[in-house]
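Taking it in order: structure first as structure tokens, then the write-up.
The values are calculated or read from the model by the stated rules, or taken from the named source; none is laboratory data. The model shown is predicted, which means the values in this text are computed figures rather than measured ones. Note: ideal-geometry Cβ built from the backbone for every residue, glycine included; neighbour counts use all protein chains shown.
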Amino acid sequence: MEQIVVSGGRHLHGAVSISGSKNGTLPLLAAAMLVEGETVLENVPQIEDVHTMLQMLEALGVHTRFIGPGVLKIDASDLRSIEAPYDLVRRMRASFYVAGPLLARTGRAEVPLPGGCLIGNRPVDLHVQGFKTLGAIVSEDSGVMRAYCQRLRGARVYLDPRYRSLGATINIMLAAVLADGTTVIESASREPEVVSCAQFLRRCGADISGIGGSTITIHGVDRLQGCRFRSIPDRMETGTFMYAAAVAGGSVLLEDTLPEHMVMVTEALTHSGVQVDCGDNYLRVSRDRRPLAADIATAPYPGFPTDLQPCHCVMASVAEGKSIIEEAIFDARYNYTDELNRMGANIRVAGNMAVVVGVPRLSAAPVEATDIRAGAALVLAALAAEGRTHISGAEFLDRGYERLTDKLRGLGAEISRRSVEGKEALCWV
Ligand code: UD1
């Protein structure tokens, strides 16, 4: 087990390069299973969730190999198993993405149902309903979804317009590209990760239109051929570094990113008096005075991303005035606020709302990360806190952030990692 140790109070200065997107790359890895041949992906981040997905692919008979930094070759010609191992699905919900490609290519899929999650109720009923609508016979038994079909048939699939589920949109799109006939996905997710997955599939020969909108139309094709494709920059990492600059103060240049994906975050920061300048593929975030309070409400893209709600809450915790936060996507996404309050924040949570009264400064405390984005929020809080903060649960950050501590150290933060014996770790639980 490892802890992250941060001595707060240092401003951040310099440049940081944004890595390839976690949530963008995971669907591409699943999509590559549809290709009977080789695919090359670039800008693949070296993070735990990617490694878990690669283990999943290998377990199904797909060969994967890094052939350069961030360049991954995938060969799915020998796809043979239809059983996804429980141990991998348990570690990462996105491994359920293999269900759609398995059904499309082999007509069968046996994938354990992912369980609950610390950020809230996260069922996969919309994915399953979508497979059924495309003609699969699906049963759920002993925690495993078993699905089969001769060949999936195109159909009209209605997703829940409240959520515009990213995961369900991707899984159904992956199932539909090789189906017989036309599939229309209504209330589809418009997230950039869906767009990039559809662009990849199109480059492989899929016939998809309406991407980036809420109705996606897919005309099934008989086969896909491999291509070379670059993963988009990680907008959650981008947002995390934007908020890091806002919380710690200073001026940070974020390179290799896409400002067009960050419109709502830029707006929230600007509203707080943080300066954000952007070019085609960079952002500069500067803050010299205490940030001002700003309200946000999370929403499906292009709304404010739920994954950056915890980072915004940290900024609100040290801002001048009272901010109201509304979480509309996940029902238990405030689990990190108790830890922030232990660092001196003043956050009251009622249902899906949080009222945050800014305090002049936070103070160090031993805290524990319970999910990826909660972990990022605690690191940001520690950057702004007086004293040395020990954050347990560093492994959560490794799931989604590539070299986070190195990158922050490169900007002048005093941050390091240390191993903790099991016994000592229990002290923080
Ligand atoms: C993805 C992202 C996650 C992000 C989330 C919302 C990945 C690997 N993860 O998660 O970081 O926070 O999008 O932008 O890309 N829902 C159902 N039934 C379903 C599917 C979803 O009720 O079958 C509900 C969920 O409970 C949630 C909402 O829909 O309340 C949104 O979930 P969804 O967009 O599917 O999120 P994920 O794809 O799991």
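No other residue among Ala84, Ala99, Ala104 is in contact (Cβ under 8 Å) with a residue 40 or more places away in the chain and within 16 Å of the ligand (Cβ to nearest atom) apart from Ala99. From the list Ala377, Ala382, the lone residue that is assigned by TED's automatic domain parsing to the domain that holds Ala294, closer than 23 Å to Gly120 by Cα, surrounded by 15 or more Cβ atoms within 10 Å (Cβ to Cβ) and touching a residue at least 40 places away in the same chain (Cβ under 8 Å) is Ala377.
Which ones in segment 90-132 are among the charged types (D, E, K, R) and within 21 Å of the chain's Cα centre (by Cα)? The answer is Arg90, Arg91, Arg93, Arg122, Asp125. Considering only residues in segment 306-336 that are within 12 Å of Val349 (Cα to Cα) and aromatic (Phe, Trp, Tyr), the one that is surrounded by the fewest Cβ atoms within 10 Å (Cβ to Cβ) turns out to be Tyr334.
Can you confirm whether Leu79 is more than 10 Å from the ligand (Cβ to nearest atom) and touching a strand residue (DSSP E or B) at 6+ places or on another chain (Cβ under 8 Å)?
In short, no.
For Leu57, state whether it is under 21 Å from the mean Cα position of the chain (by Cα), assigned by TED's automatic domain parsing to the domain that holds Leu166, assigned to a helix (DSSP H, G or I) and crowded, with 21+ Cβ neighbours inside 10 Å. Here the answer is yes, as Leu57 does meet what is asked.
In segment 138-155, of all residues being in a strand (DSSP E or B) and more than 16 Å from the ligand (Cβ to nearest atom), the one that is farthest from Ala297 (Cα to Cα) corresponds to Tyr148.
To keep it simple, each residue is scored yes or no on (1) part of a loop (DSSP other than H, G, I, E, B); (2) surrounded by fewer than 23 Cβ atoms within 10 Å (Cβ to Cβ).
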{"position": "Leu26", "(1), (2)": "no, no"}
{"position": "Ala32", "(1), (2)": "no, no"}
{"position": "Gln46", "(1), (2)": "yes, yes"}
{"position": "Asp49", "(1), (2)": "no, yes"}
{"position": "Thr52", "(1), (2)": "no, yes"}
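Using the structure shown, decide if Glu414 is acidic (Asp, Glu) and without any contact (Cβ under 8 Å) to a residue 60 or more places away in the chain. It is false that Glu414 is acidic (Asp, Glu) and without any contact (Cβ under 8 Å) to a residue 60 or more places away in the chain.
So which residues in segment 383-398 are more than 22 Å from Lys22 (Cβ to Cβ) and of a type outside the set (Asp, Glu), if there are any at all?
Keep residues of segment 383-398 that are more than 22 Å from Lys22 (Cβ to Cβ), which gives 384-390.
Selection gives Ala384, Ala385, Gly387, Arg388, Thr389, His390.
When residues in segment 1-26 are screened for being under 30 Å from Phe200 (Cβ atoms) and among the charged types (D, E, K, R), 1 of them pass. Scanning segment 217-262 for residues that are assigned to a loop (DSSP other than H, G, I, E, B), hydroxyl-bearing (Ser, Thr, Tyr) and out of contact with any Pro (no Cβ under 7 Å at 6 or more places or on another chain) yields a single hit, Ser231.
For residues that are within 16 Å of the ligand (Cβ to nearest atom) and either among the small types (Gly, Ala, Ser) or at pLDDT below 95 (or both), scanning just segment 217-262, find the one that is nearest to Ala30 (Cα to Cα). Among residues in segment 217-262 that are within 16 Å of the ligand (Cβ to nearest atom) and either among the small types (Gly, Ala, Ser) or at pLDDT below 95 (or both), the one nearest to Ala30 (Cα to Cα) is Ser231. Pairing residues of segment 113-124 that are under 24 Å from Gly351 (Cβ atoms) and near the ligand (Cβ under 9 Å from one of its atoms) with residues that are modelled with pLDDT under 75 and not hydrophobic (A, V, I, L, M, F, W, C), at Cβ distances under 9 Å and at least 6 apart in sequence or on separate chains, gives Arg122/Gly115; Arg122/Gly116. Taking the criterion of being assigned to a loop (DSSP other than H, G, I, E, B) and either touching a strand residue (DSSP E or B) at 6+ places or on another chain (Cβ under 8 Å) or within 16 Å of the ligand (Cβ to nearest atom) (or both), the residues of segment 263-279 that qualify are Ser272, Gly273, Val274.
Residue-wise test of (1) touching a helix residue (DSSP H, G or I) at 6+ places or on another chain (Cβ under 8 Å); (2) away from the ligand (no atom under 16 Å from the Cβ); (3) not aromatic (Phe, Trp, Tyr).
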position: Ser286; (1), (2), (3): yes, yes, yes
position: Ala294; (1), (2), (3): yes, yes, yes
position: Ala297; (1), (2), (3): no, no, yes
position: Phe304; (1), (2), (3): yes, no, no
position: His312; (1), (2), (3): yes, no, yes
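Residue by residue through segment 280-326, note down the ones that are part of a loop (DSSP other than H, G, I, E, B) and within 24 Å of the chain's Cα centre (by Cα). Matches in segment 280-326: Asp280, Asn281, Ala294, Asp295, Ala299, Pro300, Tyr301, Pro302, Gly303, Pro305. Among the criteria (1) near the ligand (Cβ under 8 Å from one of its atoms); (2) surrounded by fewer than 19 Cβ atoms within 10 Å (Cβ to Cβ), the one Gly135 does not fulfil is (1). Taking the numbered list (1) surrounded by 23 or more Cβ atoms within 10 Å (Cβ to Cβ); (2) over 16 Å from Leu34 (Cα atoms) in turn, Tyr86 passes all entries but (1). All of Gly107, Gly68 fail the test of being of a type outside the set (Phe, Trp, Tyr), surrounded by 15 or more Cβ atoms within 10 Å (Cβ to Cβ) and either assigned by TED's automatic domain parsing to the domain that holds Gly167 or touching a helix residue (DSSP H, G or I) at 6+ places or on another chain (Cβ under 6 Å) (or both), apart from Gly107.
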